[in-house]
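K.L.:
A single structure is presented below for examination.
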Amino acid sequence: MENESTKLLEIRDLVLGFNIEGETVNVIDNVSFSINEGQIVGLVGESGCGKSITSLSVMRLLPRNAVISKGEILYQGKNLLESAEDEIIKIRGKELGMIFQEPMTSLNPVYTIGDQISEIILLHSQVSKKEALDMAIEKLKLVSIPSPEKVVRQYPHELSGGMRQRVMIAMAMACDPKVLIADEPTTALDVTIQAQILDLIRDLKDRTKSSVLLITHDLGVVAEMCDYVVVMYAGHVVEEADVFSIFENPRHPYTIGLLRSLPTLNEDRERLHTIDGTVPAPKDFPKGCRFAPRCGKATEQCLNEVPPLTSINGTHRARCFSITEKVGDA
Amino acid sequence: MEKIMEVKNLKKYFPLKSGLFSSQKLYLRAVDNISFDLYKGETLGLVGESGSGKSTTGRSILRLLEPTAGEIIYKNKNITTLKSSELRNMRKNIQMIFQDPYASLNPRMTIGEAIIEPILSHGLMTKDEAMEKTLTLLERVGLNKEYFNRYPHQFSGGQRQRIGIARALALNPEIIVADEPVSALDVSVQAQIINLFKDLQDEFGFTYIFIAHDLSVVKYLSTRIAVMYLGEIVEICDKKELFDNPLHPYTKALISAIPTPDPRKKGNRIILEGDIPSPVNPPAGCKFSNRCYLKKDICTKLHPDMKDVGGHQVRCHLVKEEL
């Protein structure tokens, strides 16, 4: 089973809020999970569940009005939340790489692709500009960009969406990071291009022996890519398990509902299962179980108390009162 | 089945600025010679990736875009040549629902005003009747009557799409063209809206043209599906037939590229190489030839015609026609 030494990145009891007009509204509440070496961990949930902000907090890229009131983010045992800014700069980009959903808004339109990739290399290693550019070309080859010698001299607008996302991945991988954080990396892409990019991420992970934190709303992508899945709802982790348990034996009513509401290619159903209502805004988070108002099985207890994350089997845990802890299993 | 609309050789070309010294005029061929029939009460799914021309097709049908060539026959009339008064009348019967309802609702109009406006502007009812109808519509699409006086920004994405639907229903249309109506929504809300589409069709007998890039959503709703690639229909047939027996290599790749929510079915995908070419400069011969994994010599030379294989139409040289 898991032991401490294989945990590469660990988030412990993270509580994060935004300061709005003098008041702090928490959007992330006691979120904990970890990523082991060589693992692809999926962070799943719908808009507003806090998945993106969790990943930004790992990179210390939070907006100014964000307040972390509790918790630790441990990278190789070191708490990133207590590190000085210059230490973070050494880690960000070198040890932890990140790719975003929309490559066009994350690439600088007035610099060439070559300039942008070599900038990171120059920042983190002692090489000449010429060497950095050669390394940039190597990185573009790594992500299967055709004629990389030409592409390094091009600007972002000259590339297609799929190519831009490849450039983003090349940039994120420029210094061989140990963890790649990918925030909805294929959401803006067409399906056939998405298949190419997912294939590339998986292949790179195997070749560079890195780990991936994949943030997505698409359960199909999760099943395709991930080893381990963390499901979030309204700022809480509601369920976590290995990918097979999540899809074959989901236990939290939200995970169950989400899986049943997907239209799939393989079956013909007359009506789709729906989850009534919508995701609440952070200032309206219910005081008990946050899913209770939308849950068909909610009891008085669910409405008034926050259920704990209960262990089901091995690492499989869910935050629901309907689950009674089995003895001797965890 | 009764044919309700016929699209014949529809083309929509957008002229591009040509270079200063170039005499050659360039066109972006968004929709390039497509034909299909629409039957009463069915849902025709139009699928394709960006640049396939699916949205342009939808907009051309309502003449929100003027087609370059071709005919759209509806009620024995050619929509492409209608005068503005006739066009106005036609649009009562064909309504559109857009992807982003927020962008298509006037932020300064309450949602009640937005829904009642088309009814009054077409002079179909008295103000009191229209009011009554609007309230019924709000309830029918699952919104509270009291929302009449609220503004679009006060609603969530799913609720806004319900408003967009109520507005499209206001004139009792026959055909509804829905352009990516659920792609901006979260999964749990998407399911609610898809069910609403299905219920409304059962209740009022609408004919839908459902445009989407997501095959699983289209599969769920459609009777027939047309797959588009670079402005052309490459395959069109019954939904079940398309998924059980896809014939075009592009359709096969598209179906296999969709990640399925089943971790035991990883891999075995057909991964297409390269990007979708620009519709300004499509490859010679078959437009899919530069990415096709089965391509033969003929594919880069000759543009394939539509073939009929037992009611299943496909545009590919490698598919043998039924004798």
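K.L.:
Under the definition of Cα pairs under 8 Å and six or more residues apart, what whole-number percent is the relative contact order of the range A:1-183?
P.N.:
Over the range A:1-183, the number comes to 23 percent.
K.L.:
Hey, another quick one. Among the GluC sites (Glu not before Pro) in the range B:1-70, which ones are in a DSSP loop with at most 11 other Cβ atoms within 10 Å of the Cβ? Mind listing them?
P.N.:
Of the GluC sites (Glu not before Pro), the ones in loops of the range B:1-70 whose Cβ has at most 11 other Cβ atoms within 10 Å are B:Glu2.
K.L.:
Let me ask something else about it. Given a 1.4 angstrom probe, what's the average accessible area per residue across chain B, in square angstrom?
P.N.:
With all protein chains present, chain B gives 45 Å² per residue.
K.L.:
List, in order, the whole-Hz ³J(HN,Hα) value for each residue of the range A:118-132 obtained from phi through the Karplus relation with A = 6.51, B = -1.76, C = 1.60 and θ = phi - 60°; use x for Gly and Pro.
P.N.:
Result, ordered by residue: 5, 4, 5, 5, 5, 5, 9, 9, 8, 9, 7, 4, 4, 5, 4 Hz.
K.L.:
Okay, next question. Just to be sure I understand: if you take the accessible area of chain A alone plus chain B alone and subtract the pair, with a 1.4 Å probe, what total do you get in Å², rounded to 100?
P.N.:
Roughly 3700 Å² of accessible surface disappears when A and B pair.
K.L.:
Then there's this: Just which residues of the range A:158-201 lose 10 Å² or more accessible area with every protein chain there, against their chain alone, with the probe set to 1.4 Å?
P.N.:
Listed by number, the residues meeting the 10 Å² cut-off are A:Ser160, A:Met163, A:Asp190, A:Val191, A:Thr192, A:Ile193, A:Gln194, A:Ala195, A:Gln196, A:Asp199.
K.L.:
Moving to a separate point now. Can you tally the net charge around A:Met135? Count Lys and Arg as +1, Asp and Glu as -1, for every other residue whose Cβ sits under 11 Å from the Cβ of A:Met135.
P.N.:
On the way: positive: A:Lys129, A:Lys130, A:Lys139, A:Lys141; negative: A:Glu131, A:Asp134, A:Glu138, A:Asp176.
Here the charged neighbours net out to 0.
K.L.:
Which whole-number percent of Cα pairs in chain B have a distance greater than 37 Å?
P.N.:
Of all Cα-Cα pairs in chain B, 21 percent lie more than 37 Å apart.
K.L.:
If R0 is 30 Å, what FRET efficiency do you get for A:Asp176 and A:Thr315 from their C-beta distance, rounded to 0.05?
P.N.:
Numbers: r = 28 Å, r/R0 = 0.94.
Result of the calculation: an efficiency of 0.60.
K.L.:
Now a separate question. Given a Förster distance of 41 Å, report the FRET efficiency between A:Thr105 and B:Asn33 from their Cβ-Cβ distance, rounded to the nearest 0.05.
P.N.:
Computed FRET efficiency for A:Thr105 and B:Asn33 comes out at 0.70.
K.L.:
Averaged over B:117-127, how many beta carbons belonging to a partner chain fall within 10 Å of each residue's beta carbon?
P.N.:
0
K.L.:
If the only charges are +1 at each Lys and Arg Cβ and -1 at each Asp and Glu Cβ, what is the size of the charge dipole of the range A:1-183 around the Cα centre, to the nearest 20 debye?
P.N.:
560
K.L.:
What percent of all Cα-Cα pairs in the range A:165-226 falls into each 5 Å bin, going from 0 up to the bin containing the maximum distance?
P.N.:
Calculated P(r), rounded to whole percents: 4, 17, 34, 28, 13, 4.
K.L.:
Please compute the Kirkwood hydrodynamic radius of chain A from all pairs of different C-alpha atoms, in Å with one decimal. The partial results should precede the final answer.
P.N.:
Values: mean 1/r = 0.0474 Å⁻¹.
Hydrodynamic radius (Kirkwood, Cα pairs) of chain A is 21.1 Å.
K.L.:
Measure out, as a whole number of angstrom, how far apart the alpha-carbon centroids of the range B:212-259 and the range B:135-205 sit.
P.N.:
25
K.L.:
As I understand it, the dipole of the range A:191-330 uses +1 on the Cβ of Lys and Arg and -1 on the Cβ of Asp and Glu, about the Cα centre. Which of A:Thr208, A:Ser245, A:Thr310 lies farthest toward its positive end?
P.N.:
Final value for the positive-end residue is A:Thr310.
K.L.:
Also: Suppose each label sits 7 Å from its Cα in the direction of the beta carbon; what would the A:Arg207-B:Lys240 distance come out to in nanometres?
P.N.:
Reported label-point gap for A:Arg207 and B:Lys240 is 4.5 nm.
K.L.:
Follow-up. To the nearest 10 degrees, how steeply does helix A:191-208 sit against the main Cα axis of chain A, on a 0 to 90 scale?
P.N.:
It works out to around 80 degrees.
K.L.:
Same structure again: Got a number for carbon plus sulfur as a percent of the range A:1-183's accessible area, 1.4 Å probe?
P.N.:
51
K.L.:
Taking the Cβ of A:Gln154 as the center, what net charge do the other residues with Cβ under 14 Å away carry, scoring Lys and Arg +1 and Asp and Glu -1?
P.N.:
Spelling it out: positives minus negatives among the neighbours equals +1.
K.L.:
For the range A:1-183, just list the percent of Cα-Cα distances falling in each 5 Å bin from zero outward, please.
P.N.:
1, 8, 15, 18, 18, 15, 12, 9, 4, 1, 0
K.L.:
Please report the carbon-and-sulfur percent of the accessible area for the range B:119-251; probe 1.4 Å, protein heavy atoms only, DNA, RNA and ligands left out.
P.N.:
Ligands and nucleic acids excluded, carbon and sulfur give 45 percent.
K.L.:
What number, in percent, do you get for the relative contact order of chain B if the mean sequence gap of Cα pairs under 8 Å and at least 6 apart is divided by its residue count?
P.N.:
20
K.L.:
Let me ask you something else. Along the range B:143-158, what does the Karplus equation 6.51 cos²θ - 1.76 cosθ + 1.60 (θ = phi - 60°) give for ³J(HN,Hα), rounded to whole Hz, x for Gly and Pro?
P.N.:
Using θ = phi - 60°, the values come out as 10, 6, 4, 5, 6, 3, 9, 9, 9, x, 5, 7, 10, 7, x, x Hz.
K.L.:
Further question: Cα-based Rg (one decimal) and Dmax (whole number) for the range A:198-330, in Å?
P.N.:
Using the Cα atoms of the range A:198-330, the pair Rg, Dmax is 16.4, 51 Å.
K.L.:
Let me ask another. Could you tell me how many cubic angstrom of Cα convex hull volume the protein assembly as shown has per residue?
P.N.:
193
K.L.:
For the peptides B:214-224, A:19-29, B:133-143, what is the packing order when you average, over each peptide's residues, the other Cβ atoms within 10 Å and list the highest mean first?
P.N.:
B:214-224, B:133-143, A:19-29
K.L.:
Now for a separate question. Let me confirm one metric for peptide A:36-48, namely the mean number of other chain beta-carbon atoms within 10 Å of its residues' beta-carbons.
P.N.:
That works out to 1 on average.
K.L.:
Counting Lys +1, Arg +1, Asp -1, Glu -1, what net charge surrounds A:Val31 among other residues with beta carbon under 14 Å of its beta carbon? Mind showing how you got there, number by number?
P.N.:
Numbers: positive: A:Arg12, A:Lys51, A:Lys70, A:Arg290, A:Arg317, A:Arg319; negative: A:Glu10, A:Asp13, A:Asp29, A:Glu72, A:Glu239, A:Glu240.
Net of charged neighbours comes to 0.
K.L.:
Across peptide A:276-285, what mean number of C-beta atoms from other chains lies inside 10 Å of a residue's C-beta?
P.N.:
That average works out to 2.
K.L.:
Now, a different point. Pop a pseudo-label 7 angstrom from the Cα along the beta-carbon direction at both B:Arg150 and B:Phe204 and give the gap in nm to one decimal.
P.N.:
The modelled label-to-label distance comes out at 2.1 nm.
K.L.:
Considering only protein heavy atoms, what per residue accessible area in square angstrom results for the range A:205-330 with a 1.4 angstrom probe?
P.N.:
Accessible area per residue, the range A:205-330: 44 Å².
K.L.:
In whole Å, how far is the Cα centre of the range A:44-70 from that of the range A:196-236?
P.N.:
Here the two parts' Cα centres lie 18 Å apart.
K.L.:
Enter the Cα centre distance for the pair the range A:107-123 and the range B:1-76, rounded to the nearest angstrom.
P.N.:
Cα centroid to Cα centroid, the span is 41 Å.
K.L.:
Between B:Ser50 and A:Lys130, with labels modelled 7 Å along Cα→Cβ, what's the label distance in nm to one decimal, could you check?
P.N.:
3.8
The values are calculated or read from the model by the stated rules, or taken from the named source; none is laboratory data. Bear in mind the structure is a predicted one, so any value in this text is a computation, not a measurement. Neighbour counts run over all protein chains shown; Cβ positions are idealised from the backbone, glycine included. Each accessible area value is taken on the protein alone, full model and side chains, heavy atoms only, with ligands, DNA and RNA left out. Shrake-Rupley method; radii C 1.70, N 1.55, O 1.52, S 1.80 Å.
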